[in-house]
């Protein structure tokens, strides 16, 4: 008697598995950590140091936890907005550009209002939101009016924003007393975000991020526009049947995600940096895309995932300063996390089975 | 007149990496798959080609290594998108991010390094002809390879059964599957071809065009190549025109900066990106026209077991 | 002893998540026999023929072809032994020519000239004429079916399988198809076809396997059965009766005047009065969906081309039209009428606008509404928070019809009310449409099923090629006259 040949097959489930919807990011994280340990080993360090550098060291002190939360803030702000956009099938890949635009706008207001004191920081943050919205509105208009693919347009605008930032810090906003370095003058105290915790750099921006997440949650779960946004992403024909305006969904999601990304940029320059420099963002806008996915496109998930991603950043910095590991590894881990997540997500809608193969 | 000739020659050389990447993208998009990871694939193959050329001294080996790197990343994409049925757009983004990060990591020991010298480019004697010489005969072999590749793809797509099968899969993978065409196999082959092309493009950039390695040196060329395929409405000969035009835009703004046109260099450097946006908007304006020319199943998931 | 059967299935079983599509099915088809598989929607017919054609693998059971066992689920292997399949939804490539389409489906390579000649020869021989150089997107549904059939015939099959072949044909075209099939059978080719049209099965098939809920319930000679006995076997009981109707229509609620489906198309005009059901007959793809999209507000039209109770609504969107009393049940449940990933409660929010208030969702009211629909329309589901995609076709359709009916429309548009729905649910849906009419609603029903329209409609129109015939009393039209109308040949004003 011959045993039938078998092979592993992915068999569709009847309905999506709730368990795997939340277990998949954990599986992806596990796989990424395993890869991290492997890489550490290959580079001559102890694999366990990988775990400690990324997950233990950063949280070892009050200051450490504050740094993690500080790093998580721009990620969370961007990711909350992106969660809304991606749910509506509006692929805003250019959050990085909107963040930079927001930082330029905030710097412009902070510098223009130097010496005026008072609530300058509020004006700067509002300007940041406006800057991000304006940058995103270009993408929205081109998609609305010309049907231009928003992925490519928003991405092209990232390069434009980076060049604009470079121009601005080398030229109009350059600090005359800065020894020729490409950076703006330091902002006044009045233009800086108030600190939350003594002895740390944690600032009010983190509260803004939490507020944004809470508001987004409310909108998604309870509001009409939130429902319309979800339907637009799940079944555009049903949205048309219901009479939902796809134009309204497009503009709302792009403007909101642009504004949040802009605030993230403004909070960076009015927060820990205190000035405008060419390195406003080490790719937060792109990392936020990963954060949004890991957070299951849910505002609360986005907050949790942003803390995870912050650990990746800080762990990378610690590995560099303490072990001499290159910090560019962080980018590798981020990419791996997203890739493993996409792979693990297949288990939400499919089951792994041993199937009788063709004889 | 001479400047025009020089500009034209430079445009062709500048457009070649985008041409290579775009023709590869065209082939796999014709089967209905969108791989946004091109930028990351180009960067990975750039650093791999640079490293291999630097360490082995052989340019040919470098090109081979670059192609392999590109094809490998394409295979990773294929596994996630075709076998695991992951969302194609997100998977491509993941590959782009991974490629960008990994290339920066691998490239650390190579920044600031130089490469062994090459012989002069082009066909001897002919390249010294006035005007036509540099434009037509003065290029690196890969420029001519790229041109031939485009012509070969055009012939293959519309004149052979393989091309018929490719276009059928892109239009309706369900019907293709019903008719017995191995949809996954066809898409995998197309993706590997696309990856090898992106690999060639990256290798050319890092070992010929500007023989050095710098992080993110592709500067968005991969994304522009994706847009190019849309402009060209998925037709190979139009990709040729578009790529050289873009090379031209890049060269023109460098030239203008060079002759002292009074504008900040950063603003001038925005030209290719802004041009991409403008052309994309103009092309997409008529949604019916796009729909008519676009492979109907582009980006949509296909699971015959569902 | 009887000859070895061309095809013998024994104990075929196939399961999908949540349902056993085929449960121990056995089937035999002789050489040169025309064999029908009869069953209502969801009986498992399509799954069975996909298994025969090698597109799907059975979980258990054996297949024998000309007495030899068939090993595996492989469409290429099935074709190699002589099985050819024509699906209900064609596997054609719109942008390619007829010859290119056929070339892709053939396993042997033919030179272009040879292929074109072979296509023409098969067309001549079997009455299936098509132009090899035509592009498929220019062809009508009947012509497309011919491409599929010629493609199947060029592979010289020994068993030809057709899935609901007459669903896209006018009665006259169906007759032509039957002639082709009889000719094939006389040449020794076995024909296996799926149908739920009892009269066709009785005219064409010499044997019929009746399936219900995944099992074979009977194998009969349809020529010696009556339509009633076949129907009884198919549903396992008496077919439900439709309540009789006896109301006189009131004033016009929906007035269509000079509406064009596309630029340069013909101007359509008709009206639907309160207390009447107007039916639009015709094969799908003749403009019905475009017409419904315009009437429902998914597409805009000149303001006065559509009037609701006298008010011009052509420029209004679906929401404003719903506020004026117009509601719509589209043809496609999944992805159009309902979002499969969302719950039944959430799906109520799609069209029931009073469940919103000042930009927020009234969660309790929505849950109550959904519960009411489920209760009144007998929707079988795992509660109102069940995903719409988890409901069977019939139950989801009952929910969608109920969602609109409970909102008390003055005009209801319904596109294919019982497509893909089991007989019990279909009767319930038809009854609710009739009840609506009794309450004074104006109902417009688009349907491919002529029988359904005869049952429901007071007046009938036929849609063909984007044009609309004059309206006639539903029972004033004999079937073959209707068939001519469906081909577009109705008397115009001059005649």
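Taken together, the values in this text are just the output of simple stated rules run on the coordinates, not laboratory data. Keep in mind that what you see is a predicted model, and the values were worked out from it rather than measured. Neighbour counts run over all protein chains shown; Cβ positions are idealised from the backbone, glycine included.
What angle do you read, to the nearest 10 degrees and between 0 and 90, between the alpha-carbon axis of helix B:221-231 and the longest principal axis of chain B? Compared with the principal axis, the helix lies near 60 degrees. A viscosity of 1.002 mPa s and a temperature of 20 °C, combined with the Kirkwood radius over Cα pairs in Stokes-Einstein, give a translational diffusion coefficient for segment B:2-293 of 110 µm²/s.
Take the Cα of residue C:451, step 7 Å along the line toward its Cβ, and report every residue of segment C:288-314 whose backbone nitrogen sits under 12 Å from that point. Correct set: none at all. Placing a pseudo-label 7 Å from each Cα along the Cα-to-Cβ vector at residue C:89 and residue B:155 gives an inter-label distance of 3.9 nm.
Relative contact order of chain A, taken over Cα pairs closer than 8 Å and 6 or more residues apart, is 36 percent. Beta bridges from DSSP with both residues in the protein assembly as shown: antiparallel share about 55 percent, rounded to the nearest 5. Look at where the Cα atoms of segment C:291-325 and of segment B:190-209 average out, and the two centres are 54 Å apart.
Distance between the 7 Å Cα→Cβ label points at residue B:215 and residue A:38: 2.4 nm.
Net length available on complete extension from residue C:363 to residue C:263 is 31.7 nm, with 0.36 nm assigned per residue and the Cα-Cα distance removed.
Neighbour counts of other Cβ atoms within 10 Å put C:216, C:462, A:11 in the fewest-to-most order A:11, C:216, C:462.
Helical content of chain B, expressed as a calculated mean residue ellipticity at 222 nm, amounts to -22000 deg cm²/dmol (DSSP H runs of 4 or more residues, -39,500 (n - 2.57) each, divided by residue number, nearest 500).
Largest mean-square fluctuation among B:142, B:192, B:200, in a Gaussian network model of chain B whose springs join Cα atoms under 10 Å apart, belongs to B:142. Each helix, a run of at least 4 DSSP H residues, gives -39500 (n - 2.57); summed and divided by the residues of chain C, these come to -10000 deg cm²/dmol at 222 nm. Residue exposure proxy: C:399, B:204, ordered by other Cβ atoms within 10 angstrom of their Cβ from fewest to most, comes out as C:399, B:204. Built from the Cα atoms of the protein assembly as shown, the convex hull projects on average onto 52.8 nm², one quarter of its surface area. Annotation for segment C:377-411 versus segment C:443-493: alpha-carbon center distance of 29 Å.
Once the Cα atoms of helix B:38-56 and of chain B are each reduced to a long axis, what angle between those two axes, in degrees from 0 to 90 to the nearest 10, is obtained? Result, in degrees: 50. Using the Cβ-Cβ distance between residue A:51 and residue A:23 with R0 = 22 Å, the FRET efficiency computed as 1/(1 + (r/R0)^6) comes to roughly 0.65.
Short-range pairs are left out: with C-alpha atoms under 8 Å and at least six residues apart, the relative contact order of chain B is 38 percent.
Note on chain A: helix-only mean residue ellipticity at 222 nm, from DSSP H runs of 4+ residues weighted -39500 (n - 2.57) and normalised by residue number, equals -22000 deg cm²/dmol. Once you sort the root eigenvalues of the Cα gyration tensor of segment C:352-466 as a ≥ b ≥ c, which label holds: rounded (a/c under 1.5), prolate (a/b larger than b/c) or oblate (the other case)? Judged from the Cα gyration tensor, segment C:352-466 comes out prolate (a/c at least 1.5, a/b above b/c). Taking a ≥ b ≥ c as the square roots of the Cα gyration tensor eigenvalues, with a/c under 1.5 meaning rounded and otherwise prolate when a/b beats b/c, else oblate, which class fits segment B:224-274? In terms of gyration-tensor shape, prolate. Fewest neighbouring Cβ atoms within 10 Å first, the residues C:10, B:167 line up as C:10, B:167.
D by Stokes-Einstein for chain A, Kirkwood Rh over Cα pairs, 25 °C, 0.890 mPa s: 113 µm²/s.
Computed from the alpha carbon atoms alone, the convex hull of segment A:1-154 holds 269 Å³ per residue. Between residue B:129 and residue A:279, the FRET efficiency estimated from the beta carbon spacing at R0 = 51 angstrom works out to 0.60. The simple spin-label model puts a point 7 Å past each Cα toward its Cβ; for residue C:226 and residue B:265 those points are separated by 9.5 nm.
Taking the square roots of five times each eigenvalue of the Cα gyration tensor of chain C, the equivalent ellipsoid has semi-axes of 41, 28, 22 Å, listed largest first. What is the list of residues in segment B:36-78 whose amide nitrogen lies under 17 Å from a point 7 angstrom out from the Cα of residue B:108, following Cα to Cβ? Counting only backbone N, you get B:47-48, B:51. For the pair segment A:92-167 / segment C:167-211, the C-alpha centres are spaced 67 Å from each other.
FRET efficiency for the residue A:300 to residue A:247 pair, using the beta carbon distance and R₀ = 25 Å, is estimated at 0.30. The stretch between residue C:378 and residue C:108, if pulled fully straight at 0.36 nm per residue, gains 91.9 nm over its current Cα-Cα span.
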